[in-house]
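Accompanying notes for the structure given below.
Throughout, read-outs are computed from the coordinates displayed, never taken from laboratory work. Because the structure is predicted, anything quoted here is derived from the model rather than measured. Here the Cβ positions follow ideal geometry from the backbone for every residue, glycine too, while neighbour counts run over all protein chains shown.
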Amino acid sequence: MKGQRRLRSRRQRTVILAALRETTSHPTADEIYAVVRAQMPRISLGTVYRNLETLTEMGEAQKLEFAGLQRRYDGCTSNHMHVRCDDCGCVADVEGAALPDLGRVVPSAAQTAFKVTGLRMELTGICPNCLG
Ligand SMILES: [Zn+2]
Ligand SMILES: [Zn+2]
């Protein structure tokens with residue numbers, strides 16, 4: 001029984017990761033849920049959320065998180081830059097642009113008393129759809 005449950009949760013995670021890797025739309029948890037539910041009708045939104053968090057912790061996915069905006073996920077974990085539409089909120093990759101190295105932004109530990117754990121940065125603009 002316990003083994004079966006573990007097997008099911010591993011399968012859920014695999015399906016969620018596959019759905020995330022299949023798209024370049026940087027979906028929200030709700031969007032991933034809609035895709036995954038077609039394959040696993042009994043999965044819950046909470047399970048999808050939990051697995052997306054786990055995948056992020058495992059380094060299999062990236063979380064795009066900005067204050068006041070719905071959290072999005074990216075199946076591509078390489079260092080790349082994003083641009084977000086101010087109108088519809090869609091997110092796209094910026095070809096050939098990478099986030100600056102943390103060591104360059106904060107060269108010395110003396111610059112902040114914080115233990116720096118990451119860098120959030122993205123471009124904003126109007127997407128081609130919204131430009132019309
Ligand atoms: Zn737009
Ligand atoms: Zn991306």
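Tabulated values for the structure
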read-out: Which of Lys115, Lys63 has the fewest Cβ neighbours within 10 Å, and the rest in rising order; value: Lys115, Lys63
read-out: Distant-in-sequence amide H partners of Leu64 (H built 1.01 Å from N, under 5 Å); value: Arg72, Tyr73, Asp74
read-out: Cut-off 12 Å between beta-carbons: net charge of the residues surrounding Val83, Lys and Arg +1, Asp and Glu -1; value: -3
read-out: Highest-first arrangement of 117-129, 74-86, where packing means the average Cβ count within 10 Å; value: 74-86, 117-129
read-out: Test item: Cα-centred dipole of the stretch 2-131, Lys/Arg +1 and Asp/Glu -1 on Cβ, debye; value: 1060
read-out: Using θ = phi - 60° and Karplus 6.51 cos²θ - 1.76 cosθ + 1.60, couplings along the stretch 91-98 (whole Hz; Gly, Pro as x); value: 10, 10, 6, 9, 4, x, 10, 10
read-out: Relative packing of 43-51, 92-100, which averages over residues the other C-beta atoms within 10 Å, highest first; value: 43-51, 92-100
read-out: Against the rule of thumb 2.2 N^0.38 Å, how large the Cα Rg of the chain comes out; value: 1.22
read-out: Using a Förster distance of 22 Å, the FRET efficiency for Arg37-Cys130 (Cβ separation, nearest 0.05); value: 0.20
read-out: Length released on extending from Arg21 to Asp87, taking residue separation times 0.36 nm less the Cα-Cα span; value: 21.2 nm
read-out: Among Gly96, Gly125, Thr112 the positive-end extreme of the charge dipole of the chain (Cβ point charges); value: Thr112
read-out: Under the Karplus curve 6.51 cos²θ - 1.76 cosθ + 1.60, θ = phi - 60°, whole-Hz ³J(HN,Hα) for the stretch 12-19, x wherever Gly or Pro sits; value: 4, 5, 4, 5, 5, 5, 4, 4
read-out: Helix 45-57 axis, angle to the chain major axis (alpha carbon atoms, nearest 10°); value: 50
read-out: Rounded to 10°, Cα long-axis angle of helix 29-39 versus longest principal axis of the chain; value: 30
read-out: Simple Cβ-charge dipole of the stretch 5-67, Lys/Arg +1 and Asp/Glu -1, about Cα centre, in debye nearest 20; value: 540
